[in-house]
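The values are calculated or read from the model by the stated rules, or taken from the named source; none is laboratory data. Predicted, not measured: the structure shown is a model, and the values here were computed from it. All Cβ positions, glycine included, derive from the backbone under ideal geometry; neighbour counts span all protein chains shown.
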Amino acid sequence: MFKKCLLAGLFLIAAAFSSISSLAAPLVEHVFIISFDGGGGAPGVIERHPQMPVFKQMVTEGASTWSAHTIFPSITLPSHTSMLTGVAPAKHKILWNKWELDKGVVTVPTVFSLAKEQGLSTAMFVGKEKFRHLQLPGSVDTFVWPQPSADAKAVAAAVSGQVTKLKPSLCFIHFADPDSAGHKYGWGSPEQTAALVDCDAALKMVRDAIQAAGIESSSVVILTADHGGHDKGHGSAEAVDMHIPWVAWGKGVKPGTTLIVPITTYDTAATALWLLGIPIPANWDGKPAKEAFSFQ
(Lines give C-alpha, C1' and ligand atoms only; values in the text may rest on other atoms or scores of the structure.)
Protein backbone atom coordinates (compact mmCIF):
# COMPACT_ATOMS: atom_id res chain seq x y z
CA MET A 1 0.00 0.00 0.00
CA PHE A 2 2.80 2.39 0.94
CA LYS A 3 4.58 1.65 -2.32
CA LYS A 4 1.42 2.35 -4.31
CA CYS A 5 0.87 5.63 -2.48
CA LEU A 6 4.50 6.60 -3.04
CA LEU A 7 4.25 5.90 -6.77
CA ALA A 8 0.98 7.82 -6.99
CA GLY A 9 2.58 10.74 -5.21
CA LEU A 10 5.58 10.73 -7.52
CA PHE A 11 3.23 10.64 -10.51
CA LEU A 12 1.34 13.68 -9.26
CA ILE A 13 4.58 15.57 -8.63
CA ALA A 14 5.85 14.70 -12.11
CA ALA A 15 2.55 15.83 -13.62
CA ALA A 16 2.74 19.10 -11.72
CA PHE A 17 6.28 19.77 -12.94
CA SER A 18 5.22 18.86 -16.48
CA SER A 19 2.40 21.41 -16.26
CA ILE A 20 4.75 24.05 -14.90
CA SER A 21 7.33 23.39 -17.62
CA SER A 22 4.67 23.91 -20.29
CA LEU A 23 4.46 27.56 -19.22
CA ALA A 24 7.02 29.63 -21.10
CA ALA A 25 8.86 32.43 -19.35
CA PRO A 26 7.12 35.73 -20.12
CA LEU A 27 8.84 37.87 -22.74
CA VAL A 28 7.25 41.05 -21.39
CA GLU A 29 5.34 41.96 -18.26
CA HIS A 30 2.57 44.05 -19.81
CA VAL A 31 0.60 43.94 -23.06
CA PHE A 32 -1.74 46.75 -24.13
CA ILE A 33 -4.11 46.12 -27.06
CA ILE A 34 -5.55 49.37 -28.40
CA SER A 35 -8.33 49.19 -31.00
CA PHE A 36 -9.39 52.10 -33.20
CA ASP A 37 -12.97 51.11 -34.01
CA GLY A 38 -13.55 51.57 -37.74
CA GLY A 39 -9.92 52.61 -38.28
CA GLY A 40 -9.22 50.21 -41.16
CA GLY A 41 -9.65 50.56 -44.90
CA ALA A 42 -7.82 50.09 -48.15
CA PRO A 43 -5.56 51.94 -47.75
CA GLY A 44 -6.24 52.64 -44.08
CA VAL A 45 -7.53 56.08 -43.22
CA ILE A 46 -4.89 56.26 -40.50
CA GLU A 47 -2.09 55.47 -42.94
CA ARG A 48 -2.83 58.46 -45.14
CA HIS A 49 -3.75 60.76 -42.28
CA PRO A 50 -1.44 63.79 -41.86
CA GLN A 51 -2.38 64.63 -38.27
CA MET A 52 -1.70 61.51 -36.24
CA PRO A 53 1.87 62.04 -35.02
CA VAL A 54 1.75 59.62 -32.08
CA PHE A 55 0.38 56.71 -34.09
CA LYS A 56 2.82 57.36 -36.91
CA GLN A 57 5.75 57.62 -34.50
CA MET A 58 4.83 54.20 -33.14
CA VAL A 59 4.73 52.84 -36.70
CA THR A 60 8.22 54.23 -37.35
CA GLU A 61 9.56 52.82 -34.09
CA GLY A 62 7.64 49.56 -34.34
CA ALA A 63 6.71 46.71 -36.67
CA SER A 64 3.62 47.19 -38.80
CA THR A 65 1.36 46.29 -41.67
CA TRP A 66 -1.56 48.19 -43.17
CA SER A 67 -3.07 45.10 -44.76
CA ALA A 68 -3.87 42.83 -41.84
CA HIS A 69 -7.32 41.26 -42.10
CA THR A 70 -10.36 41.29 -39.89
CA ILE A 71 -12.97 38.51 -39.98
CA PHE A 72 -16.21 38.29 -41.95
CA PRO A 73 -18.67 39.74 -41.17
CA SER A 74 -16.49 42.83 -40.75
CA ILE A 75 -18.47 44.31 -37.86
CA THR A 76 -17.49 45.44 -34.39
CA LEU A 77 -18.54 42.81 -31.86
CA PRO A 78 -17.76 39.65 -33.88
CA SER A 79 -14.42 41.15 -34.93
CA HIS A 80 -13.37 42.20 -31.45
CA THR A 81 -14.46 38.81 -30.14
CA SER A 82 -12.06 37.15 -32.58
CA MET A 83 -9.38 39.69 -31.63
CA LEU A 84 -9.71 38.73 -27.96
CA THR A 85 -10.50 35.00 -28.18
CA GLY A 86 -8.09 33.91 -30.92
CA VAL A 87 -10.76 32.14 -32.94
CA ALA A 88 -13.00 32.78 -35.94
CA PRO A 89 -16.73 33.51 -35.53
CA ALA A 90 -17.60 29.90 -36.40
CA LYS A 91 -16.02 28.96 -33.07
CA HIS A 92 -16.88 31.87 -30.79
CA LYS A 93 -20.48 32.11 -32.07
CA ILE A 94 -20.91 35.84 -31.42
CA LEU A 95 -22.50 37.06 -34.65
CA TRP A 96 -24.64 39.90 -33.29
CA ASN A 97 -23.43 43.47 -32.90
CA LYS A 98 -25.09 45.11 -29.91
CA TRP A 99 -25.44 44.60 -26.19
CA GLU A 100 -28.11 41.94 -25.63
CA LEU A 101 -28.36 41.00 -21.96
CA ASP A 102 -30.30 37.78 -22.59
CA LYS A 103 -27.50 36.36 -24.77
CA GLY A 104 -25.01 36.33 -21.93
CA VAL A 105 -21.25 36.18 -22.36
CA VAL A 106 -18.97 34.49 -24.84
CA THR A 107 -18.71 30.73 -24.30
CA VAL A 108 -15.06 30.25 -25.30
CA PRO A 109 -11.96 31.33 -23.33
CA THR A 110 -10.71 34.88 -23.79
CA VAL A 111 -7.23 36.31 -23.41
CA PHE A 112 -8.45 37.69 -20.09
CA SER A 113 -9.73 34.40 -18.68
CA LEU A 114 -6.53 32.62 -19.74
CA ALA A 115 -4.42 35.38 -18.18
CA LYS A 116 -6.37 35.12 -14.92
CA GLU A 117 -5.74 31.36 -14.84
CA GLN A 118 -2.04 32.26 -14.61
CA GLY A 119 -2.63 34.79 -11.85
CA LEU A 120 -2.15 37.87 -14.03
CA SER A 121 -4.06 41.15 -13.74
CA THR A 122 -6.45 42.26 -16.48
CA ALA A 123 -8.35 45.40 -17.48
CA MET A 124 -10.72 46.65 -20.18
CA PHE A 125 -11.45 50.31 -20.95
CA VAL A 126 -14.11 50.53 -23.66
CA GLY A 127 -16.23 52.96 -25.61
CA LYS A 128 -19.23 50.65 -26.14
CA GLU A 129 -21.36 48.64 -23.73
CA LYS A 130 -21.45 45.61 -26.03
CA PHE A 131 -18.01 44.59 -24.79
CA ARG A 132 -19.73 43.23 -21.68
CA HIS A 133 -20.35 40.11 -23.79
CA LEU A 134 -16.59 39.42 -23.50
CA GLN A 135 -16.48 39.75 -19.72
CA LEU A 136 -16.41 36.14 -18.54
CA PRO A 137 -17.05 35.92 -14.77
CA GLY A 138 -13.85 36.60 -12.83
CA SER A 139 -11.81 37.27 -15.96
CA VAL A 140 -11.53 41.07 -15.95
CA ASP A 141 -10.29 42.75 -12.79
CA THR A 142 -11.20 46.25 -13.98
CA PHE A 143 -13.92 46.96 -16.56
CA VAL A 144 -14.56 50.62 -17.38
CA TRP A 145 -17.18 51.99 -19.78
CA PRO A 146 -17.07 55.73 -19.00
CA GLN A 147 -20.38 57.51 -18.54
CA PRO A 148 -22.01 59.83 -19.52
CA SER A 149 -19.41 60.13 -22.29
CA ALA A 150 -17.39 57.21 -23.66
CA ASP A 151 -15.45 59.00 -26.39
CA ALA A 152 -11.74 58.31 -26.89
CA LYS A 153 -10.54 61.06 -24.58
CA ALA A 154 -12.89 59.89 -21.80
CA VAL A 155 -11.65 56.32 -22.20
CA ALA A 156 -8.02 57.51 -22.19
CA ALA A 157 -8.68 59.62 -19.10
CA ALA A 158 -10.00 56.53 -17.34
CA VAL A 159 -6.86 54.62 -18.33
CA SER A 160 -4.65 57.49 -17.16
CA GLY A 161 -6.44 57.61 -13.83
CA GLN A 162 -5.96 53.92 -13.10
CA VAL A 163 -2.99 52.43 -14.96
CA THR A 164 -0.43 53.73 -12.45
CA LYS A 165 -2.27 51.94 -9.67
CA LEU A 166 -3.26 48.83 -11.61
CA LYS A 167 -0.18 48.20 -13.78
CA PRO A 168 -2.23 45.51 -15.57
CA SER A 169 -0.50 42.55 -17.15
CA LEU A 170 -3.06 42.59 -19.97
CA CYS A 171 -5.09 45.65 -20.90
CA PHE A 172 -7.55 46.23 -23.75
CA ILE A 173 -8.42 49.81 -24.74
CA HIS A 174 -11.13 50.68 -27.26
CA PHE A 175 -11.67 54.00 -29.02
CA ALA A 176 -15.14 54.16 -30.63
CA ASP A 177 -14.91 57.60 -32.25
CA PRO A 178 -13.85 56.72 -35.85
CA ASP A 179 -16.71 54.22 -36.20
CA SER A 180 -19.29 56.60 -34.77
CA ALA A 181 -18.19 59.41 -37.09
CA GLY A 182 -18.02 57.06 -40.07
CA HIS A 183 -21.60 55.90 -39.60
CA LYS A 184 -22.87 59.43 -39.14
CA TYR A 185 -20.80 61.35 -41.71
CA GLY A 186 -19.06 58.73 -43.87
CA TRP A 187 -15.68 57.03 -43.91
CA GLY A 188 -12.98 59.50 -44.91
CA SER A 189 -15.20 62.51 -44.18
CA PRO A 190 -13.77 65.60 -42.43
CA GLU A 191 -15.70 64.61 -39.34
CA GLN A 192 -14.13 61.17 -39.26
CA THR A 193 -10.74 62.78 -39.81
CA ALA A 194 -11.37 64.91 -36.72
CA ALA A 195 -12.34 61.78 -34.78
CA LEU A 196 -9.02 60.16 -35.70
CA VAL A 197 -7.15 63.25 -34.54
CA ASP A 198 -8.96 62.95 -31.20
CA CYS A 199 -7.95 59.29 -31.00
CA ASP A 200 -4.31 60.18 -31.58
CA ALA A 201 -4.51 62.66 -28.70
CA ALA A 202 -6.09 59.89 -26.59
CA LEU A 203 -3.29 57.53 -27.62
CA LYS A 204 -0.77 60.07 -26.32
CA MET A 205 -2.60 60.14 -23.00
CA VAL A 206 -2.32 56.36 -22.77
CA ARG A 207 1.35 56.40 -23.74
CA ASP A 208 2.06 59.07 -21.13
CA ALA A 209 0.22 57.03 -18.48
CA ILE A 210 2.22 53.88 -19.28
CA GLN A 211 5.42 55.89 -19.00
CA ALA A 212 4.33 57.53 -15.74
CA ALA A 213 3.51 54.11 -14.30
CA GLY A 214 7.14 53.10 -14.88
CA ILE A 215 6.24 50.09 -17.05
CA GLU A 216 6.96 51.34 -20.58
CA SER A 217 10.27 49.43 -20.83
CA SER A 218 8.54 46.15 -19.95
CA SER A 219 5.49 46.62 -22.17
CA VAL A 220 4.34 45.91 -25.71
CA VAL A 221 1.55 47.99 -27.22
CA ILE A 222 -0.46 46.60 -30.15
CA LEU A 223 -2.39 49.13 -32.24
CA THR A 224 -5.08 47.78 -34.51
CA ALA A 225 -8.70 48.10 -35.65
CA ASP A 226 -11.75 45.89 -36.01
CA HIS A 227 -12.75 46.88 -39.55
CA GLY A 228 -12.68 49.65 -42.13
CA GLY A 229 -15.67 51.11 -43.91
CA HIS A 230 -17.09 52.80 -46.97
CA ASP A 231 -19.80 55.41 -47.43
CA LYS A 232 -21.61 55.20 -44.07
CA GLY A 233 -21.27 51.50 -43.36
CA HIS A 234 -19.18 48.34 -43.34
CA GLY A 235 -19.62 44.59 -43.01
CA SER A 236 -18.72 43.44 -46.52
CA ALA A 237 -15.89 41.18 -47.64
CA GLU A 238 -14.34 44.02 -49.68
CA ALA A 239 -10.82 45.20 -48.85
CA VAL A 240 -12.07 48.62 -47.80
CA ASP A 241 -13.96 46.92 -44.96
CA MET A 242 -11.63 43.98 -44.29
CA HIS A 243 -8.17 45.59 -44.20
CA ILE A 244 -6.96 46.80 -40.80
CA PRO A 245 -3.71 48.23 -39.44
CA TRP A 246 -1.60 46.14 -37.09
CA VAL A 247 1.31 47.73 -35.25
CA ALA A 248 3.52 46.34 -32.48
CA TRP A 249 5.57 48.80 -30.44
CA GLY A 250 7.68 48.40 -27.33
CA LYS A 251 9.99 45.86 -25.74
CA GLY A 252 11.59 43.45 -28.19
CA VAL A 253 9.88 44.89 -31.26
CA LYS A 254 11.98 45.16 -34.42
CA PRO A 255 11.89 48.92 -35.18
CA GLY A 256 10.96 50.05 -38.68
CA THR A 257 9.83 46.57 -39.75
CA THR A 258 7.20 46.08 -42.44
CA LEU A 259 5.50 42.79 -41.68
CA ILE A 260 5.32 40.31 -44.57
CA VAL A 261 3.68 37.30 -42.96
CA PRO A 262 -0.12 37.74 -43.23
CA ILE A 263 -1.86 38.76 -40.01
CA THR A 264 -5.51 38.21 -39.13
CA THR A 265 -7.20 39.86 -36.19
CA TYR A 266 -7.30 36.65 -34.12
CA ASP A 267 -3.48 36.63 -34.25
CA THR A 268 -3.64 39.56 -31.83
CA ALA A 269 -4.88 37.30 -29.05
CA ALA A 270 -2.23 34.67 -29.75
CA THR A 271 0.51 37.31 -29.81
CA ALA A 272 -0.59 38.67 -26.43
CA LEU A 273 -0.53 35.22 -24.82
CA TRP A 274 2.85 34.37 -26.35
CA LEU A 275 4.36 37.61 -25.05
CA LEU A 276 3.02 36.92 -21.55
CA GLY A 277 4.25 33.31 -21.53
CA ILE A 278 0.73 31.85 -21.49
CA PRO A 279 0.10 28.60 -23.42
CA ILE A 280 -1.94 29.17 -26.58
CA PRO A 281 -4.93 26.79 -26.84
CA ALA A 282 -4.42 24.14 -29.51
CA ASN A 283 -7.77 24.86 -31.14
CA TRP A 284 -7.08 28.55 -31.69
CA ASP A 285 -6.96 29.93 -35.22
CA GLY A 286 -4.59 32.71 -34.14
CA LYS A 287 -0.81 32.42 -34.24
CA PRO A 288 1.74 34.79 -32.65
CA ALA A 289 3.10 37.48 -34.97
CA LYS A 290 6.70 36.52 -34.12
CA GLU A 291 8.05 38.30 -37.20
CA ALA A 292 7.49 41.59 -35.38
CA PHE A 293 9.84 40.72 -32.50
CA SER A 294 13.52 40.08 -31.90
CA PHE A 295 12.87 37.47 -29.20
CA GLN A 296 14.47 34.13 -30.05
Evaluate the following for Asp200: is it farther than 21 Å from Leu84 by Cα, over 14 Å from the mean Cα position of the chain (by Cα) and surrounded by 17 or more Cβ atoms within 10 Å (Cβ to Cβ)?
yes
Quickly run through the range 209-243 and pick out the residues that are outside any helix (DSSP H, G or I) and among the hydroxyl-bearing types (Ser, Thr, Tyr).
Ser219, Thr224, Ser236
Subset of the range 90-138 that is of a type in the set (Gly, Ala, Ser) and out of contact with any helix residue (DSSP H, G or I) (no Cβ under 8 Å at 6 or more places or on another chain) - its residue that is nearest to Ala270 (Cα to Cα)
Ser113
Can you tell me which residue is farthest from Val155 (Cα to Cα) among those in the range 203-239 that are polar (S, T, N, Q), in contact (Cβ under 8 Å) with a residue 12 or more places away in the chain and surrounded by fewer than 20 Cβ atoms within 10 Å (Cβ to Cβ)?
Ser236
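Results for (1) surrounded by fewer than 21 Cβ atoms within 10 Å (Cβ to Cβ); (2) polar (S, T, N, Q); (3) under 23 Å from Asp177 (Cβ atoms), shown as yes or no for each residue.
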{"position": "Met52", "(1), (2), (3)": "no, no, yes"}
{"position": "Thr60", "(1), (2), (3)": "yes, yes, no"}
{"position": "Pro73", "(1), (2), (3)": "yes, no, yes"}
{"position": "Ala90", "(1), (2), (3)": "yes, no, no"}
{"position": "Trp99", "(1), (2), (3)": "yes, no, yes"}
{"position": "Gly104", "(1), (2), (3)": "yes, no, no"}
{"position": "Val108", "(1), (2), (3)": "yes, no, no"}
{"position": "Ala115", "(1), (2), (3)": "no, no, no"}
Anything in the range 99-116 that is without any contact (Cβ under 8 Å) to a residue 40 or more places away in the chain and outside any loop (DSSP other than H, G, I, E, B)? List them, or say none.
Leu101, Asp102, Lys103, Ser113, Lys116
If we scan the range 174-186, do we find a residue that is part of a loop (DSSP other than H, G, I, E, B) and in contact (Cβ under 8 Å) with a residue 12 or more places away in the chain?
yes
Mind checking which residues of the range 149-166 are outside any helix (DSSP H, G or I) and surrounded by 18 or more Cβ atoms within 10 Å (Cβ to Cβ)?
Ala150, Asp151
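Each row is one residue, and each column tells you yes or no for (1) modelled with pLDDT under 65; (2) under 15 Å from the mean Cα position of the chain (by Cα); (3) assigned to a helix (DSSP H, G or I); (4) more than 27 Å from Val220 (Cβ to Cβ).
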| residue | (1), (2), (3), (4) |
| --- | --- |
| Lys4 | yes, no, yes, yes |
| Ile20 | yes, no, yes, no |
| Leu23 | no, no, no, no |
| Ile33 | no, yes, no, no |
| Gly39 | no, yes, no, no |
| Thr65 | no, no, no, no |
| Ile71 | no, yes, no, no |
| His80 | no, yes, yes, no |
| Lys91 | no, no, yes, no |
Restricting the range 167-184 to residues that are surrounded by fewer than 21 Cβ atoms within 10 Å (Cβ to Cβ) and modelled with pLDDT under 95, the one nearest to Asp37 (Cα to Cα) turns out to be Ser180
Residues in the range 258-289 that are outside any loop (DSSP other than H, G, I, E, B) and touching a Pro at 6+ places or on another chain (Cβ under 8 Å): how many?
7
Among the residues of the range 127-184, write down those that are over 24 Å from Ile215 (Cα atoms) and acidic (Asp, Glu).
Glu129, Asp151, Asp177, Asp179
